[in-house]
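Encoded as structure tokens, the structure appears first; notes follow it.
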Amino acid sequence: MCGIVGYIGLPEKIAEHQALDVLLEGLRRLEYRGYDSAGVATVAGGTIEARKKSGKLANLIDEIEGAPLVPASLGIGHTRWATHGGPTDQNAHPHFGDDGRLAVIHNGIIENFAELKQKLSAAGHTFDSQTDTEVAAKLLGEAYQATGDLTEAMRQAVNELDGAFTLLAVHTEAPDRVVAARRNSPLVVGLGEGENFLGSDVSGFIDFTREAVELEQDQIVTITTGDVAIINFDGTPAEGKRFHINWDASAAEKGGYASFMEKEIHEQPKAVEDTLLGRTDASGKLTLDELRISPEELKRTSKIIVLACGTAAYAGTVAKYAIEHWTRIPVEVELAHEFRYRDPIIDETTLVVSISQSGETMDTLMAVRYAKEQGARTLSICNTNGSTIPRESDAVLYLHAGPEIAVASTKAFLAMITASYLLGLYLAQLRGQLFSGQISDILADLHKIPGKIQTILDGAEPIKALARGMAQTPSVLFLGRHVGFPVAMEGALKLKELAYIHAEGFAAGELKHGPIALIEEGQPVFVVVPSPRGRDSLHSKVVSNIQEVRARGAKTITVAEDGDDAVTEFSENVFFVPETQPLLMPLLTTVPLQIFACALATEKGYDVDQPRNLAKSVTVE
Ligand code: M6R
């Protein structure tokens, strides 16, 4: 949460782009990380110039237009997701230390801020905001006074901080550098010619360079126009890992769509295709090259624990059905933030599979670290190359779905499910649990999924029309069974986060144990219907569930397989999806629910890319 960007360039670069242009462009791309307020600070002519404003980046831009900054060639910028202190102008970053000569921006939470604030107040400091960041700024100011060196001051200051943080600082007396530190919070360096960049992720500088450097935990980096120097928190020198960014800036643009979310929904055929790409050898055998755990170790797996949050956890629940069915390995799915507080049973034969689009979700990262400490093997299913969770895991299966910018996850969800299927099939292949013919049949069906998603997208108008007509609906329920259950949960989550409508997803069988009391005349209920070609009893039980809610006045909207005429007479609206294997159905049945939520929120006039109170990358616990 919070987007961070830093820049320094040679003075002659100002003709090309001044620091402010780079910072605002970076913030525009990072705004998905938080949009409660935004701010910038530049250093020019021996002074710090800063502007900050509550609300979205557009407010800051208006502010700067009203009071322009003098051209500068270094600066820092921030877009905030509020933790300590409300989203006000005062609490917006940057914050200042050393009598206004130092500006600091921060992502994360400084856990011992109250204690530090007390000490600093006793020493005579006064505070303009309620933030933990201002405490770090004052502390850094004191350290600068003592050392006269911004890098060393940062080193001394961070060693007094507990918690998770990325900090960036500039000082009027050090106009040749931007200094940054990271602990449990993301930061990457962008490498230019005569200029260097810092960002929460590569989108912070993707318009200016494709060459980047990864930092490890507990490191400080000092960027100047010609150098990137890294040290550890103990002062020892360190090397960063250089990498090339293999997506271009246009992948992070709307490309003619009204929103990133719409674009990403439409990118789903390609996302699934790219997740499947290059995973088999010439003989058709699955080869997951990125898995750095030996086949012998994987064969010994006695239990799988899937750790994830939000949408990724629903992808994990789909994975459970498939992996258990194909491998006969027991799979537990757990919300990452609950995991380490329940004394889970783990040993070296446990495979912990984390699922995360961003690879930075703090709850998931902490759970993975805990699992490692307990001796488990850890495997990350992740979309963001080089992010912290895959870097700290024993193995990784990247999604290759391209950048997902909209806060509500769509294409990453389908790609996560696809990658989980690949993992399940790979384990089944290793353990000889499925015949090679069975695996290639499932893979062949998976390869047909992108075309089938496209069919749903091409026929989406009736779903959108229904959504537009339901803009005043106060509540929507979603029912599903088997793999349709996590799809129902995901459908409800999309509607909550985008349209701010009360929505709940239930296992259809659970209805009679309580939730059916919610049904009253006209209550819309989406039902994700399993294939009639799967287990017969499952389909007929869901049809019975549909009748049960209709008998109590519900308006039923069903998502069913092509040709499933049995549901038509019990549905106000029915949306058909193409046939596929029952276990693969979530890759299709999710899509109408995403389209519905997006269209309904759009009809209500909401910003579907940046829903209120949320941030894309949740880097606080
Ligand atoms: O980056 P991650 O996949 O780890 O994020 C996990 C959740 O925060 C995320 O899926 C969240 O629930 C989305 N807003 C859902 O649309």
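The values are calculated or read from the model by the stated rules, or taken from the named source; none is laboratory data. Keep in mind it's a predicted model, so treat the numbers as computed, not measured. Cβ placement follows ideal geometry from the backbone for every residue including glycine, while neighbour counts extend to all protein chains displayed. Areas reflect the complete protein model, heavy atoms only, side chains present, ligands, DNA and RNA absent. Shrake-Rupley method; radii C 1.70, N 1.55, O 1.52, S 1.80 Å.
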**Message:** Testing the spin-label approximation: label points 7 Å from Cα along Cα→Cβ at ASP281 and GLN118. State their distance in nm.
**Reply:** 6.3 nm
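What do you get for Rg/Rh of segment 1-114 when both radii come from the Cα atoms and Rh is the Kirkwood radius?
That ratio equals 0.96.
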**Request:** Quote the charge dipole size of segment 460-548 about the Cα centre in Debye, to the nearest 20; the model charges only the Cβ of Lys and Arg (+1) and of Asp and Glu (-1).
**Result:** 260 debye
**Asked** Non-local amide H neighbours of VAL574 (under 5 Å, H modeled in plane, Pro and chain starts lacking H): which ones?
**Response** THR558
**Fill in**
Ranking PRO295, ALA251, GLY310 by how far each Cα lies towards the positive end of the charge dipole of segment 244-364 (+1 on Lys and Arg Cβ, -1 on Asp and Glu Cβ), the top one is PRO295
**Prompt:** Could you give me the ³J(HN,Hα) list for segment 574-588, computed from phi with Karplus coefficients 6.51, -1.76, 1.60 and θ = phi - 60°, whole Hz, x at Gly and Pro?
**Reply:** 10, 10, 8, 10, x, 5, 7, 4, x, 5, 8, 4, x, 5, 10
**Item:** Farthest positive-ward along the chain dipole, Cα basis, beta-carbon charges - from GLY514, THR410, ILE230
**Value:** GLY514
**Fill in**
With +1 on the Cβ of every Lys and Arg and -1 on the Cβ of every Asp and Glu, the dipole magnitude of the chain about its Cα centre, in debye rounded to the nearest 20, is 1420 debye
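Give the accessible surface of segment 90-145 per residue, rounded to a whole number of Å², with probe radius 1.4 Å and ligands, DNA and RNA excluded.
39 Å²
Please label the shape of segment 439-555 as rounded, prolate or oblate, based on the square roots a ≥ b ≥ c of the eigenvalues of the alpha-carbon gyration tensor (a/c under 1.5 means rounded; beyond that, a/b larger than b/c means prolate, else oblate).
Oblate is the answer for segment 439-555, as a/c is 1.5 or above yet b/c matches or exceeds a/b.
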**Asked** So for the chain: antiparallel DSSP bridges make up what percent, rounded to the nearest 5?
**Response** 60 percent
**Complete:** Carbon and sulfur atoms account, in whole percent of the 1.4 Å probe accessible area of segment 460-539, for 55 percent
**Message:** Could you put HIS78, HIS125 in order of accessible surface area, largest first, with the 1.4 Å probe and the full protein assembly present?
**Reply:** HIS125, HIS78
**Request:** Any of LYS254/LYS616; LYS512/LYS555; LYS263/LYS320; LYS52/LYS494 with alpha carbons more than 20 Å apart? Name them for me.
**Result:** LYS263/LYS320; LYS52/LYS494
**Prompt:** Which ³J(HN,Hα) values in Hz, rounded to whole numbers, follow from the phi angles of segment 305-321 under the Karplus curve 6.51 cos²θ - 1.76 cosθ + 1.60, where θ = phi - 60° and Gly and Pro get x?
**Reply:** 10, 9, 10, 5, 10, x, 4, 4, 5, 5, 4, x, 5, 4, 4, 4, 4
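Given only helices, namely DSSP H runs of n ≥ 4 each adding -39500 (n - 2.57), what is the per-residue ellipticity at 222 nm of the chain, to the nearest 500 deg cm²/dmol? Show your work: numbers first, answer last.
Values: 18 runs with 218 residues, N = 621.
That comes out to -11000 deg cm²/dmol.
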**Asked** If packing is taken as the mean number of other Cβ atoms within 10 Å per residue, what is the order of 251-263, 304-316, highest first?
**Response** 304-316, 251-263
**Percent carbon-and-sulfur accessible area, segment 1-146, ignoring ligands, DNA and RNA, probe 1.4 Å** = 50 percent
**Prompt:** Pairing the Cα long axis of helix 362-373 with the longest principal axis of the chain, what angle in degrees results, from 0 to 90 and rounded to the nearest 10?
**Reply:** 80 degrees
**Item:** For segment 230-298, diffusion coefficient by Stokes-Einstein and Kirkwood Rh (Cα), 20 °C, 1.002 mPa s, µm²/s
**Value:** 128 µm²/s
**Message:** Rounded to the nearest 20 debye, what is the charge dipole size of segment 154-229 about its Cα centre when +1 sits on each Lys and Arg Cβ and -1 on each Asp and Glu Cβ?
**Reply:** 140 debye
**Asked** Per residue, how many Å² of accessible area does segment 256-454 show with a 1.4 Å probe?
**Response** 35 Å²
**Item:** Overall form of segment 84-138 per C-alpha gyration tensor (a/c, 1.5; a/b vs b/c)
**Value:** oblate
**Prompt:** Any idea what log10 I(q)/I(0) is at q = 0.08, 0.11 Å⁻¹ for the chain, Debye with uniform C-alpha scatterers and no solvent?
**Reply:** -0.59, -1.05
**Fill in**
Taking the alpha-carbon centre of each part, the distance from segment 14-89 to segment 136-200 in Å is 17 Å
**Request:** With θ set to phi - 60°, apply the Karplus curve 6.51 cos²θ - 1.76 cosθ + 1.60 along segment 611-619 and write out the HN-Hα couplings as whole Hz, x wherever there is a Gly or Pro.
**Result:** x, 4, 6, 9, 8, 5, 10, 8, 9
**Message:** Would segment 3-246 count as rounded, prolate or oblate if I go by the C-alpha gyration tensor, calling it rounded below 1.5 in a/c and otherwise prolate when a/b exceeds b/c, oblate otherwise?
**Reply:** rounded
**Prompt:** To the nearest 10 degrees, how steeply does helix 536-551 sit against the main Cα axis of the chain, on a 0 to 90 scale?
**Reply:** 80 degrees
**Request:** Go through LEU495, PHE205, GLN145 and say which Cα lies farthest out towards the positive end of the charge dipole of the chain; charges sit on Cβ, +1 for Lys and Arg, -1 for Asp and Glu.
**Result:** LEU495
